[in-house]
1. Residue 215 - would you say it is in a loop (DSSP other than H, G, I, E, B), closer than 25 Å to residue 28 by Cα and in contact with a Lys or Arg (Cβ under 8 Å, 6 or more places away or on another chain)?
2. Take residue 110 and tell me if it is of a type outside the set (D, E, K, R), in contact with a helix residue (DSSP H, G or I) (Cβ under 6 Å, 6 or more places away or on another chain) and open to solvent by less than 20 Å² (accessible area, probe 1.4 Å).
3. Would you confirm, using the coordinates I've provided, whether residue 198 is farther than 23 Å from residue 400 by Cβ, of a type outside the set (D, E, K, R) and touching a strand residue (DSSP E or B) at 6+ places or on another chain (Cβ under 8 Å)?
4. Within the set of pairs 6 or more residues apart or between chains, which connect a residue that is open to solvent by less than 20 Å² (accessible area, probe 1.4 Å) inside segment 454-466 to a residue that is of a type in the set (Phe, Trp, Tyr) with Cβ atoms less than 6 Å apart?
5. Of the residues 261, 321, 256, only one is of a type in the set (D, E, K, R) and buried (at least 22 other Cβ atoms within 10 Å of the Cβ); which?
6. What are the residues in segment 222-256 that are part of a helix (DSSP H, G or I) and in contact with a Cys (Cβ under 7 Å, 6 or more places away or on another chain), if any?
7. Within segment 257-297, work out how many residues are more than 23 Å from residue 315 (Cβ to Cβ) and part of a helix (DSSP H, G or I).
Amino acid sequence: MDSNKRDLGWHNYTEWSHSRCAGICDDDIAMCYCPPETKYGRIEAPPGAPRGTPPVRAGRPLYWCQPSTDELGNKVMWGAVKYEDLFGRDGWCNADVPSFMCPCRIDGRIGSLCNIAVEMFCINQCSGRGDCDQGFCRCHAGWYGHDCSRRRAGLPTNTPPDYMGSKPWLEPAVTPPVAAEDPPRTKPQRVRPYIYVYDVKPDFSTDILQYRIERAHCNYRQFQHGNLTSWIGYNAYALESMLHETFLASEHRTFDPEEADYFYVPIMWACLFDVYGWNPLPRWPKEVHGPRPYGAAMMQLETVRWLNATFPWFARRGGRDHIWLTATDEGACCVFKDVWPGIFLSHWGRTEFPHTSGSQYHADNYGTGIYHRDHDGEWLDQTSRTHACFDPKKDLVVPAFKRTEHFRSSPYVGASPVERSIFLFFRGDLRLAPGQDPECKYSRCIRQTLYNRSRAENWREKYNVLLGDQATVQGDYSLLLSQSLFCLVAPGDGWSPRLEDSVLHGCIPVIIMDQVQVVFESILDMPSFSVRIAQKDMLNIISILKAISADQVQKMQDNLAKVWFRYRYLGVKMAIRDAEHVVTQHREKNGGFLRPNPGVQYAASPVDDAFSTLMQWLYARIPEIHGTEART
């Protein structure tokens, strides 16, 4: 990129890359826009304008829209769209109604022409005390913190938040932090464990949110037309932002680190995976671009260095009371040994040691050796070769985030119960295309082996077994799960949310992955509501399941009904918000006349959800961490 934020030359570098820009680049967030000489091109703020001044004209984004040729017809190796479709008279950058549409996925814009402004996503929407800028909160004067919830001394206490004034649409998306209440709650009103949430450097957190290219990445909700808040359909890394928000607003949060039982370190480990591939920054060290696990582990190590240089609390107990979330495929397999004593929340409970990466995706395979002075030699000698991926004595496998709509056909949320006529169910990626996974490394070859055996022995016709991908097993996913007696839980490149899918639909999980704990296995009686089969015995799955008596099946189903709510987050809040969404949908479909759906009752239930379960586990561990008895 030159000083005018233009590409140095479309033919200078032939490798395709997200970061190539055929227009003008907003290098603050790594987004490409139509060039300023086009009708809908971006025109930056004048030279010398104060930092943060908005552009004269925002312009249409060129996301996933790189030209396949230049103006003269010469091939551009990193593009795929016809030049005329982008820059011609009827193209995306020039026409009022273009003949070709580039996708509109940047946060803060919606509509087919990407010209409708909406609120952007920020953690707890800055508590209504700041302006959201692509994930970063620009706090109003006198307020500070990741979520702008902390008030500087001397600031009047009666200043209303934005959602009570200029931005009423923020109210459904903001949870006022309990720790910020004035006057504060007294100790008898408060609930342990007390958790201090670091406002870590933006380099390791909110800056990474700004680097994300798509608004649906790295978060769990977004704003739509009319600034209505909606859940994002599915995002594998959604828990990262959701858990950060939940800790900040929770009654367990404390502003006093000296009374804290634990410290939560909200780095964007998983979101870095999303942005690490196409941005030259952020990288630690700057000159090294290794696999994505390396980038995340180095960022975490830099965070610890910053913590130790800034605060005394990490060193006080060697990090044992510090909580980290590593929500990517293989969890904490490759964290540095100096960080490992901490508490790791992940979706991947692999206990074996020594271990090697099981990822079939080369960018996520942590087995690549990298030498650098910043980590004093080979990084693997200080990470994956020093510890397991998961230690059930100190770590916890937590559920992935699922919105209620994902399990809308479950009897647990009021759907009419249906007959469980499907004996065994699984639908998911199989990587069967020629050349896609020649070594059958994906899913430890479990999914593929069972799929091939089911076809060879005609399991569908004999036993009503549905095993396959979306092409071979069609239909509504939630409905199919609710119609199934047993559901396969097998890994993907690492973790896969199949256990959550099973439990939330009342389908008995059948777990096949050796030496890998599933969600909450270390704290719940997993055998009482699931079946585990060794990988060596997986071809006997039909006979094993057929041998389970009807009484045993009934007991497991009864026990599922006792624990399912622990596998969802935001239990009451999500149920209420989804109920409002359902009501809105019915009003729209019925011309404004509300006709409730008799088959679905989104009732708010005050039971323990996944976050409550996590808090209970942390509370029980206080004596172990602190060497004292838990106090009330």
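The values are calculated or read from the model by the stated rules, or taken from the named source; none is laboratory data. This one's a predicted model, so the numbers in the text were calculated from it and none came from an experiment. Cβ: placed from backbone, ideal geometry, glycine included. Neighbour counts: every protein chain shown. Quick note on the areas: whole protein, heavy atoms, side chains included, nothing else; ligands and nucleic acids left out. Shrake-Rupley method; radii C 1.70, N 1.55, O 1.52, S 1.80 Å.
1. Details: in a loop (DSSP other than H, G, I, E, B): yes; closer than 25 Å to residue 28 by Cα: yes; in contact with a Lys or Arg (Cβ under 8 Å, 6 or more places away or on another chain): yes.
When the stated conditions are applied, residue 215 passes them.
2. no
3. Details: farther than 23 Å from residue 400 by Cβ: yes; of a type outside the set (D, E, K, R): yes; touching a strand residue (DSSP E or B) at 6+ places or on another chain (Cβ under 8 Å): yes.
Judged against the criteria, residue 198 is a match.
4. Pairs that qualify, where the first residue is open to solvent by less than 20 Å² (accessible area, probe 1.4 Å) and the partner is of a type in the set (Phe, Trp, Tyr), are 465/423; 465/459.
5. On the way: 261 fails: buried (at least 22 other Cβ atoms within 10 Å of the Cβ); 256 fails: buried (at least 22 other Cβ atoms within 10 Å of the Cβ).
After applying the criteria, what remains is 321.
6. Looking only at segment 222-256, we keep the residues that are part of a helix (DSSP H, G or I), and these are 225-227, 239-249.
Answer for segment 222-256, where residues must be part of a helix (DSSP H, G or I) and in contact with a Cys (Cβ under 7 Å, 6 or more places away or on another chain): 240, 241.
7. Let us first name the residues in segment 257-297 that are more than 23 Å from residue 315 (Cβ to Cβ), namely 268, 270-283, 285-295.
Narrowing the set further to residues that are part of a helix (DSSP H, G or I) leaves 270-276, 292-295.
Number satisfying all stated conditions: 11.
Residues are listed down the side, and each one gets a yes or a no for (1) within 18 Å of residue 208 (Cβ to Cβ); (2) of a type in the set (Lys, Arg); (3) at pLDDT below 95; (4) buried (at least 17 other Cβ atoms within 10 Å of the Cβ):
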site: 139; (1), (2), (3), (4): no, no, no, yes
site: 148; (1), (2), (3), (4): no, no, no, yes
site: 154; (1), (2), (3), (4): no, no, yes, no
site: 158; (1), (2), (3), (4): no, no, yes, no
site: 161; (1), (2), (3), (4): no, no, yes, yes
